[in-house]
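Presented below is the structure to which this report refers.
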Amino acid sequence: MAKSPGTPKPTPQEEPTGDRLQKILAQAGIASRRKAEEIILAGRVQVNGVVVNTLGTRHDSTRDHIRVDGKLLHGPEQQRYYMVNKPRGYVTTLDDPEKRPTVMDIMKTKHGPHGDQVRLYPVGRLDYLSEGLLLMTNDGNLANSLSKAATGVEKTYLVKVSGVPPESALDQIRRGIMIDRGRLNEVRSGRRDRVITSPAKVELVRSGDNPWYELTLTEGRNRQIRKMFEEIGHHVEKIRRIGYGALRLDVPPGEFRELTAGEVTALNRAAKGQKVVPKKRTPEFAQLKAPAKKKSTRSHRPPAARPSAPRRSH
């Protein structure tokens, strides 16, 4: 008995290949992924002559002709990596509604391979009153990996504290201490959500009435250092970040430099949770300056003349 031919199996639909359109726009330096999504939804993007106004479509930037507002994309930007020494009084953001100086004011002279400005953005944050080492890049994947607490990338700071904390209080920070999660204005409005910090390294660098400590963290919560010391009853006067993974701060305040290929490799290793070791020699800008010598307040008077001995009468 002959077998009747079976029903042919349906051919599975091919999975779309390539990258999501918003990722392609971000890599080309058009905008952040979130802003790129808004551009797509607004119908400003064409792929091979067809308007694409839905999210999630995938395309090949090496084969597809992608235009934004009629302008043809020229592929991904060259990835760039910089170390910046952020001064106190600068905001770690691309644009500040209060018109305060931003880290982008320091970086605005850098240009990309096509003559356009590279769309750099900061890795993590330093608050307005903090200073020191800040990474700037257009490599979104590395920036996201470095920012995740799970990777355990070490960030090292010099911290000046008002008053001398007892060793028992510093041990609380070393073990992990309970702090308020979120921004200070949320905490003050009554929205308290407590979280315990990861263990930290704390070493005394300079003693005195207002001592300096070297503090190493593996996470970066909002105003974490200030909150930790406030929990043990001490106000933080100054914060300077001097280390990020294997990097150590080696440029003057308000200056920047491009990272070497070896330094970028070390950052990628750190982002994968692999151990990296900084150089043994600490650069000048990662150290505390020697304290200024106090001027003597004594007046330099000439020595008083000795009183003459009384004459003897004969």
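The figures follow:
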{"item": "Long-range neighbours under 7 Å by Cβ, at least six apart or interchain, first residue polar (S, T, N, Q) within segment 38-62, second surrounded by fewer than 12 Cβ atoms within 10 Å (Cβ to Cβ)", "result": "ASN53/GLY43"}
{"item": "Check on VAL91, in contact with a Phe, Trp or Tyr (Cβ under 7 Å, 6 or more places away or on another chain) and within 19 Å of LEU247 (Cβ to Cβ)", "result": "no"}
{"item": "Residue within segment 279-286 that is acidic (Asp, Glu), under 21 Å from LYS86 (Cβ atoms) and without any contact (Cβ under 8 Å) to a residue 60 or more places away in the chain present", "result": "yes"}
{"item": "Filtered residues of segment 53-95 (kept if within 30 Å of ARG125 (Cα to Cα), out of contact with any Leu (no Cβ under 7 Å at 6 or more places or on another chain) and in a strand (DSSP E or B))", "result": "VAL91"}
{"item": "Residue, modelled with the lowest pLDDT, within segment 25-52, restricted to residues that are outside any helix (DSSP H, G or I) and closer than 18 Å to GLY140 by Cβ", "result": "GLY29"}
{"item": "Residues (surrounded by fewer than 18 Cβ atoms within 10 Å (Cβ to Cβ), of a type in the set (A, V, I, L, M) and in contact (Cβ under 8 Å) with a residue 12 or more places away in the chain) located in segment 203-244", "result": "VAL205, ILE232"}
{"item": "Residue list for segment 155-189, filter: of a type in the set (S, T, N, Q) and either modelled with pLDDT of 90 or more or surrounded by 14 or more Cβ atoms within 10 Å (Cβ to Cβ) (or both)", "result": "THR156, SER162, SER168, GLN172"}
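The values are calculated or read from the model by the stated rules, or taken from the named source; none is laboratory data. Bear in mind that the values here come from a model prediction, so they are computed numbers and not experimental data. Counting neighbours? That spans all protein chains shown, and the Cβs are built from the backbone with ideal geometry, glycine included.
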